[in-house]
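The values are calculated or read from the model by the stated rules, or taken from the named source; none is laboratory data. Treat the numbers as computed from the prediction; the structure is a model and nothing was measured. Every residue, glycine as well, gets a Cβ built from its backbone with ideal geometry; the counts of neighbours run over all protein chains shown. The accessibility values were calculated without ligands, DNA or RNA, using every heavy atom of the protein model including side chains. Shrake-Rupley method; radii C 1.70, N 1.55, O 1.52, S 1.80 Å.
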Amino acid sequence: MSVYLAQSDDVATLAGIIAAADATNHAIPTPNELSQAFTKLANAGVVIVNNDSYKINSKHLGEIEEAYKTKGGLFESANKGKKWLNASGLSPKGTQKLTITDEQVTNAYNVYTSKIRK
């Protein structure tokens, strides 16, 4: 759901995803958590990763949007996403391994926090 919430102009940045995760879960995802999530979502065809941008596959965007709009507020976003994933029946179609580094997370976090300090 953080990718969905962070998408603007059809793509999300890592800084935007971290901001959305913080807003919905009051937590900054670790590089390992992001690597695992992006790997699983990309291999299932849910998220398209292109360099430093992330995009929900248009095939799933409508379903994810509907899941987000279900009962519950912003703080229920993660649960809504998990519920959608569990019901989707998706399975891995690829074997790519995506790695998000400490440096990438630190840089993205700095971009995110510099925007909220203004």
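Considering the stretch 8-31, the residues that are surrounded by fewer than 20 Cβ atoms within 10 Å (Cβ to Cβ) and free of Cβ contacts under 8 Å to residues at least 60 places away in the same chain include one that is nearest to the chain's Cα centre (by Cα), namely V11.
Quick test for you: out of K55, K69, K80, K97, pick the one residue that is more than 28 Å from I116 (Cα to Cα) and among the basic types (K, R). It is K97. With the requirement that a residue be surrounded by fewer than 17 Cβ atoms within 10 Å (Cβ to Cβ) and either under 20 Å from T24 (Cβ atoms) or basic (K, R) (or both), what does the stretch 96-108 give you? Passing the criteria: only K97. Exactly one residue out of K93, K69, K40 is open to solvent by 80 Å² or more (accessible area, probe 1.4 Å), over 16 Å from the mean Cα position of the chain (by Cα) and either within 15 Å of V3 (Cα to Cα) or without any contact (Cβ under 8 Å) to a residue 12 or more places away in the chain (or both), and it is K69. Taken together, the criteria place N51 among residues that are among the polar types (S, T, N, Q) and over 18 Å from K93 (Cα atoms).
Within the stretch 48-59, does at least one residue satisfy the condition of being surrounded by 15 or more Cβ atoms within 10 Å (Cβ to Cβ) and assigned to a helix (DSSP H, G or I)? The answer is no, given that none of the residues of the stretch 48-59 is surrounded by 15 or more Cβ atoms within 10 Å (Cβ to Cβ) and assigned to a helix (DSSP H, G or I).
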